[in-house]
Amino acid sequence: MTPRSPAAQVWARMRRSGTVIAALVLIVPMVFCALFADLIANDRPYTMTLQGERYFPAVRGMAVDLGLAQWPRELLNMDFKDQAGPDAVFAPVPYRPNRVDLKNPLAPPSADHLLGTDKLGRDILAGMVHGARISLTIGVLAVGLATVIGVVLGAVAGFFGGITDLTVNRLFEIMMAIPTFFLIITISAFVAEPSIFYIMAVIGLTGWVGIARFTRNEFIKLRGIDYVTAALALGAHPSRIMFLHILPNAMSPIIVSVVFGIAGAILVESSLSFLGIGVPADVVTWGSILNEARGNTFAWWLAVFPGLAIFVTVLAYNLLGEGLRDALDPRLRGR
């Protein structure tokens, strides 16, 4: 019988883990919504006939010519639901997240608005779908930035040791002594114009300490192993040893920390949006929808649906992190 590779063994343990399966069942639909938000929730039809011409509009105002008629500029802002003919094909949720309809403010869930509307008449379901894209994008990109910083600093500290390790550790302690959430709020206060990219950058620049400490500990454990000693004896450059020889063998706890970090970043972004910090006012996020529930306590749908989305997403990534931690545990490597 051919022995399975370590990656195959990890995947086999993940498939047998109910925790990982439950996490993926929750995460995959959210990722699908994030990737195809413009096709799921949009008030512009996929295709329609108007004034004898067949139009194939792209999502969110980007005109696409597929051999059909181009999309006229004067029609970009029309009310498609009222003007489109019976042959028009709309998205499953025929609303944009920021489309204001003052005729239906704070409407409860109904056949027209499955999750209700907010005080401006904006469809909550459309906001939830597009909010998934914002939350997951911020979570993944912010943690990606934090991972780069954490891995580099942790690798340098763990590999070189001595005064280098001492200096980097003092930096760890300084960052840990500062309340991260309040630091993010302070930095956001100095930003002239709110932007999602600033939120991603701030979360990434302040959330790397845990990843750096895991990386440092793994490098300290691995730097005395024979293959590292042999590479040093052969004159390999330290950067080559760190990132081509040691790092691939130190990735298990780093990957787990990254997954947990995505959940934390999503929670931080939702908290900032709830406080009205960081994201532009016209951008609908789960936290901004939840914020509207404070002044409209009777509109229960404003609190229940975004709150449930945040809870389920954070829970799913935490479950995935726990499942990966068990699957990557070297003590289980023969099972």
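The values are calculated or read from the model by the stated rules, or taken from the named source; none is laboratory data. What you see is a predicted model, and the numbers here were worked out from it, not measured in a lab. Glycine also receives a Cβ, built like all others from the backbone with ideal geometry; neighbour counts cover every protein chain displayed.
The figures follow:
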{"quantity": "Subset of region 155-183 that is part of a helix (DSSP H, G or I) and of a type in the set (Gly, Ala, Ser) - its residue that is farthest from Arg223 (Cα to Cα)", "calculated": "Ala177"}
{"quantity": "Hey, Thr49 polar (S, T, N, Q), outside any loop (DSSP other than H, G, I, E, B), assigned by TED's automatic domain parsing to the domain that holds Gly295 and at pLDDT 70 or above or not", "calculated": "no"}
{"quantity": "Residue list for region 11-20, restricted to those being free of Cβ contacts under 8 Å to residues at least 24 places away in the same chain and either β-branched (Val, Ile, Thr) or over 9 Å from Ala327 (Cα atoms) (or both)", "calculated": "Arg15, Arg16, Gly18"}
{"quantity": "Residue selected from region 168-224 under the condition of a type in the set (S, T, N, Q) and surrounded by 14 or more Cβ atoms within 10 Å (Cβ to Cβ), by the criterion farthest from the chain's Cα centre (by Cα)", "calculated": "Asn169"}
{"quantity": "Test: residue in region 68-79 that is modelled with pLDDT of 75 or more, farther than 28 Å from Ala316 by Cα and in a strand (DSSP E or B)", "calculated": "no"}
{"quantity": "Positions within region 216-250 being touching a residue at least 12 places away in the same chain (Cβ under 8 Å) and among the acidic types (Asp, Glu), in sequence order", "calculated": "Glu218"}
{"quantity": "Matching residues, region 102-111, being buried (at least 16 other Cβ atoms within 10 Å of the Cβ) and touching a Lys or Arg at 6+ places or on another chain (Cβ under 9 Å)", "calculated": "Leu106"}
